[in-house]
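A short write-up of the structure that comes next.
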């Protein structure tokens, strides 16, 4: 519900109803909507990382990165914002959340970046981490843009161009 409607626009009533809970049952599990948001973001990001880990386990090196990028920047992912990446769906909203929500987001995002850094080419850990941050920022931004435009052909071009840049590490050629 948060991914589909945003954190601010998703109320405890709707959350409780959707989960088949009473208000009391909700508050027995979470002290506030923000506590639920923090846990939901943590869980969504950790699940996404597991999807990446599974993709990487089936492939090695550059092929693992290519597989992850292809899945993330796919029309299927673009067309499923309610089930897709929580960063692309809620990034701007998370920035306006209380510290506890942002802290949960930050911890999981750092782990995702660390995982991607392990797939980046090169031997310099700092450059690999920088590359992973840039790659994820590009992927997330491209997904947001591809979802926002009303021209499917252009949306596909956004996804494809970003995927090429991420896989090439932003270098020209090849």
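For beta carbons closer than 7 Å, sequence separation of 6+ or different chains, a first residue in region 81-96 that is on the phi > 0 side of the Ramachandran plot and touching a residue at least 12 places away in the same chain (Cβ under 8 Å) and a second that is outside any loop (DSSP other than H, G, I, E, B) and surrounded by fewer than 13 Cβ atoms within 10 Å (Cβ to Cβ), there are no qualifying pairs. Residues that are touching a residue at least 12 places away in the same chain (Cβ under 8 Å), part of a helix (DSSP H, G or I), surrounded by 15 or more Cβ atoms within 10 Å (Cβ to Cβ) and more than 12 Å from the chain's Cα centre (by Cα) occur in region 5-21; there is at least one. Only one of the numbered conditions (1) out of contact with any helix residue (DSSP H, G or I) (no Cβ under 6 Å at 6 or more places or on another chain); (2) surrounded by 13 or more Cβ atoms within 10 Å (Cβ to Cβ); (3) within 26 Å of residue 115 (Cα to Cα) is violated by residue 54, and that is (2).
Please verify whether residue 147 is modelled with pLDDT of 95 or more, over 19 Å from residue 168 (Cβ atoms) and assigned to a helix (DSSP H, G or I), treating the condition exactly as stated. Reasoning before the result, please.
Values: modelled with pLDDT of 95 or more: yes; over 19 Å from residue 168 (Cβ atoms): yes; assigned to a helix (DSSP H, G or I): yes.
Yes.
Within region 81-128, the set of residues being more than 15 Å from the chain's Cα centre (by Cα), modelled with pLDDT of 90 or more and part of a helix (DSSP H, G or I) comprises 99, 103, 117, 125, 126, 127, 128.
The values are calculated or read from the model by the stated rules, or taken from the named source; none is laboratory data. Fair warning: this is a prediction, and the values are worked out from it, not measured in the lab. Please note: Cβ atoms are built from the backbone with ideal geometry, for glycine as well, and neighbour counts cover all protein chains shown.
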